[in-house]
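Visitor: My questions all concern the structure below.
The values are calculated or read from the model by the stated rules, or taken from the named source; none is laboratory data. This structure is a prediction, so every number in the text was calculated from the model and none was measured. With ideal geometry, Cβ positions are generated from the backbone for all residues, glycine too; neighbour counts draw on all protein chains shown.
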Amino acid sequence: MGNPFVDGFIKIGFAARFFLAVLWQSGTAFRRFGLIIREVYFSGVLSLVIILVSGLFVGMVLGLQGYDTLQRFGASEALGVLVSLSLLRELGPVVAGLLFASRAGSAITAEIGLMKATEQLVAMEMMAVNPVARVIAPRFWAGVISMPILAALFSTMGILGGYLVGVVLIGVDAGSFWSQMQSQVDLYQDIGNGLIKSVVFGIAVSVIAVFEGFDAPATAEGVSGATTRTVVTSSLVILGLDFILTAFMFRGI
Amino acid sequence: MNRRVYDFWVGLFVILGIASLAFLALRVSNVSSGNPTKVYRVTAAFDNIGGLKVRAPVKSAGVVVGRVANIQLDPKTYRAVVSIDIEQRFSFSKDSSAEILTSGILGDQYVGLNPGGDDAMLAAGDKITLTSSALVLERLISQFMFSKASENKDSAGTSAAAAPAK
Amino acid sequence: MGPSGNIFLLVHCNVNFPDQLLSERPCFKIASPMPPSAQIVPAPSLVEIDNVTFAYDTRTILKGISLSIPKGKVVAIMGGSGCGKTTLLRLIGGQIKPSKGEVRVAGSAVHELDGDALYDLRRKMGMLFQFGALFTDMSVYENVAFQMREHTDLPESMIRDLVLMKLNAVGLRGAAHLMPSELSGGMARRVALARAIALDPMLMMYDEPFAGLDPISLGVIGQLIRQLNDALGATSILVTHDIVESLAIVDYVYFVSEGSIVAEGTPAEIRASQEPFVRQFVGGLPDGPVPFQYPAKPYADDLMGAPRA
């Protein structure tokens with residue numbers, strides 16, 4: 001048809017049907033849990049390095065910038081609160097989501113796209129094994145499982161990074177750093193909502209990655225284009241969903 | 001790469017995740033560590049609660065002894081009924097007073113409990129009768145302006161009265 | 001030429017592999033290389049393509065084509081690129097539905113089968129894809145064991161024996177632990193063949209099995225296709241445009257051009273045919289029914305017309 005809007009709607013419609021098919025076939029994937037574990041290794045464990053290091057650096061920067069701003073108002077003891085709330089509510093889920101999309105999402109898309117290009121998916125179908133159940137669904141669920149864990153690890157490393165810079169390097173009082181944090185951070189409002197966000201982002205990134213791989217044209221340029229689209233679309237969706245979720249979750253405060 | 005290697009690393013990954021969540025929950029958030037402390041609930045009615053929120057601390061002599069559990073408007077008396085959970089180990093006399101204070105100048109509001117002299121202690125379901133509402137800034141300012149204005153009037157009046165006497 | 005010695009295969013007397021295995025004693029057949037011969041005894045058709053038309057978007061790929069594949073034979077479907085050969089395989093495998101007409105395998109119309117019945121049918125088919133399509137995240141052993149693990153409840157020890165047997169049949173038992181990325185093209189194709197025959201299918205389909213192979217591998221694959229077909233008592237369909245190798249091993253040839261059959265016959269008949277398309281194809285002649293020049297306006301007009309523009 002050519003019209004970009006119509007093509008876009010067609011693609012979204014196809015993606016929605018595909019998502020439902022993945023969910024429908026997920027029962028088989030869970031019965032063969034070894035498959036999911038293998039994919040959690042490739043999506044989650046192999047992303048650990050980038051998540052932990054980035055978390056540390058983000059936390060350290062928060063510590064620096066936070067101290068610089070807070071001490072102008074004589075509120076430098078609130079550094080712990082600043083670092084922890086920023087990470088738990090926003091930076092943890094969002095940045096971890098963006099990093100996950102770039103590292104694991106693109107890898108999943110490339111792998112599935114390549115399997116499609118080399119006819120492995122068709123071969124599986126011809127062997128009477130449903131490729132959606134065997135190949136796609138495990139990768140989807142692995143992403144959904146890995147994301148919250150990675151987001152939590154990111155936030156933890158960030159808080160430690162903030163502690164490192166704020167207390168150890170700059171000299172903010174350790175006691176007030178932790179005690180103010182503990183009084184201001186709520187288990188359900190902050191940590192819980194951050195967890196919900198990371199699960200939602202995990203679902204979004206995984207669906208996009210898996211779909212783009214499945215839909216990729218069976219050529220080299222097709223696969224590379226699909227990989228790029230995964231990263232870009234995932235990033236935009238994460239940021240958009242973040243706004244919507246934040247508006248719902250933190251309105252009352 | 002065989003199954004065992006994957007299982008090992010994924011297991012480690014999941015354990016790390018749970019550990020970090022535990023760290024966040026216990027060390028970073030305001031969850032009181034360890035066993036849930038036993039509390040008993042009493043109510044207090046205020047004319048104005050100001051900015052008091054649920055889960056705000058209840059302090060006596062500055063020490064946290066409980067939390068605000070619930071805030072409701074009594075449709076008959078049009079007063080705010082605040083339910084507070086006080087930890088079991090703290091007993092307050094039946095004639096204790098509750099006031100709504102602000103931590104710092106512009107900080108969050110909390111409930112301050114002052115013990116009275118009565119021998120009988122508050123039990124679950126009791127009402128604290130002596131209450132003092134929150135200071136609402138506008139009322140404070142208008143009170144101040146009003147008192148300042150009447151002061152001037154008085155001093156003007158007395159000086160006017162004193163002047164002719166001279 | 002070809003794998004030395006005899007092929008010793010665990011072959012079951014009936015086609016229904018998983019059900020019969022535990023109840024019957026499996027029968028062993030020793031298959032020796034058989035000369036490709038046109039057996040004159042008429043055999044019932046396993047696959048029937050009945051006046052099938054297939055169109056995709058606006059292009060009609062197959063135009064009312066009819067052919068039948070007799071049981072137990074090796075049949076080649078030949079033609080130039082884009083003539084619809086691969087489409088035929090896809091129709092037989094149930095991946096696409098014909099716009100008109102019927103495709104019947106073992107008597108049942110493929111496109112009318114529901115999900116379960118289609119999967120049952122596919123378990124009795126083996127397909128060899130153009131470049132092998134081995135699962136890159138699994139080793140050679142695991143690739144061949146894939147179907148056994150997915151569709152049967154056989155214990156690992158038995159699967160191991162079967163896998164090694166299949167690999168031995170294609171001459172790659174020693175490569176069982178390698179990953180697909182470590183294999184050469186010819187080896188990958190042979191492993192894919194071992195994988196395709198894992199459950200002793202009744203119908204084998206080969207999509208360009210000879211594409212891109214060196215002469216030795218060509219010979220090996222050709223011999224394997226023939227020998228496995230006869231040893232398994234299966235039927236094979238070869239989609240190819242390799243004349244030399246296929247005419248050496250098949251029983252019958254169909255020539256497809258632009259969506260319909262232009263010629264058919266036994267290899268001897270094809271070699272002797274005077275039909276212009278067949279002669280151009282078999283002889284590798286540059287010009288004939290398939291023109292050399294891409295359609296364009298007359299050469300003189302093109303040259304003369306340039307300055308005026």
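Visitor: For the range C:127-157, which residues satisfy the criterion of being under 23 Å from the mean Cα position of the chain (by Cα) and more than 14 Å from chain A (Cβ to nearest Cβ)?
Guide: Passing the criteria: C:VAL140, C:TYR141.
Visitor: Kindly check whether there is at least one residue in the range B:82-104 that is among the aliphatic types (A, V, I, L, M) and outside any strand (DSSP E or B). Can you show your working first?
Guide: Let us first name the residues in the range B:82-104 that are among the aliphatic types (A, V, I, L, M), namely B:82, B:84, B:86, B:98, B:100-101.
Add one more test, that the residue is outside any strand (DSSP E or B), and what stays is none.
No, the conditions are met nowhere in the range B:82-104.
One line per residue, one yes/no per condition, for (1) at pLDDT below 90; (2) aliphatic (A, V, I, L, M); (3) under 22 Å from A:ASN193 (Cα atoms); (4) in a helix (DSSP H, G or I):
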position: B:MET1; (1), (2), (3), (4): yes, yes, no, no
position: B:PHE8; (1), (2), (3), (4): no, no, no, yes
position: B:LEU12; (1), (2), (3), (4): no, yes, no, yes
position: B:ALA22; (1), (2), (3), (4): no, yes, yes, yes
position: B:SER33; (1), (2), (3), (4): yes, no, yes, no
position: B:LEU52; (1), (2), (3), (4): yes, yes, no, no
position: B:ARG55; (1), (2), (3), (4): yes, no, yes, no
position: B:VAL64; (1), (2), (3), (4): yes, yes, no, no
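Visitor: Among the candidates C:ARG173, C:ARG190, C:ARG160, single out the residue that is within 20 Å of the chain's Cα centre (by Cα), more than 14 Å from chain A (Cβ to nearest Cβ) and of a type in the set (D, E, K, R).
Guide: The match here is C:ARG190.
Visitor: Conditions first: (1) aliphatic (A, V, I, L, M); (2) closer than 30 Å to A:ILE170 by Cα; (3) surrounded by 24 or more Cβ atoms within 10 Å (Cβ to Cβ); (4) away from chain B (no Cβ under 13 Å). A:VAL83 passes all but one, so which condition is the exception?
Guide: A:VAL83 satisfies every listed condition except (4).
Visitor: In the range C:276-295, what residues are assigned to a loop (DSSP other than H, G, I, E, B) and not charged (D, E, K, R)?
Guide: Matches in the range C:276-295: C:GLY284, C:LEU285, C:PRO286, C:GLY288, C:PRO289, C:VAL290, C:PRO291, C:PHE292, C:GLN293, C:TYR294, C:PRO295.
Visitor: Considering only residues that are part of a helix (DSSP H, G or I) and facing chain B (nearest Cβ under 9 Å), look in the range A:166-187 and name the one that is surrounded by the most Cβ atoms within 10 Å (Cβ to Cβ).
Guide: Among those residues, the one meeting the criterion is A:MET181.
Visitor: Mind telling me which of the residues A:ILE203, A:ILE159 ends up being in a helix (DSSP H, G or I) and either within 12 Å of chain B (Cβ to nearest Cβ) or without any contact (Cβ under 8 Å) to a residue 12 or more places away in the chain (or both)?
Guide: Values: A:ILE203 fails: either within 12 Å of chain B (Cβ to nearest Cβ) or without any contact (Cβ under 8 Å) to a residue 12 or more places away in the chain (or both).
Within the list A:ILE203, A:ILE159, the selection yields A:ILE159.
Visitor: Yes or no: B:ALA44 aliphatic (A, V, I, L, M) and either more than 14 Å from chain A (Cβ to nearest Cβ) or in contact (Cβ under 8 Å) with a residue 40 or more places away in the chain (or both)?
Guide: On the way: aliphatic (A, V, I, L, M): yes; either more than 14 Å from chain A (Cβ to nearest Cβ) or in contact (Cβ under 8 Å) with a residue 40 or more places away in the chain (or both): yes.
In short, yes.
Visitor: Which residues, taken from the range A:135-150, are of a type in the set (A, V, I, L, M), under 30 Å from A:GLN65 (Cβ atoms) and within 9 Å of chain B (Cβ to nearest Cβ)?
Guide: Matches in the range A:135-150: A:ILE149, A:LEU150.
Visitor: Restricting attention to the range A:110-153, report how many residues are of a type in the set (Gly, Ala, Ser), surrounded by fewer than 24 Cβ atoms within 10 Å (Cβ to Cβ) and in a helix (DSSP H, G or I).
Guide: 3
Here's the yes/no breakdown for (1) touching a Leu at 6+ places or on another chain (Cβ under 9 Å); (2) more than 28 Å from A:THR246 (Cβ to Cβ):
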{"residue": "A:VAL58", "(1), (2)": "yes, no"}
{"residue": "A:VAL61", "(1), (2)": "no, no"}
{"residue": "A:GLY74", "(1), (2)": "no, yes"}
{"residue": "A:LEU82", "(1), (2)": "yes, no"}
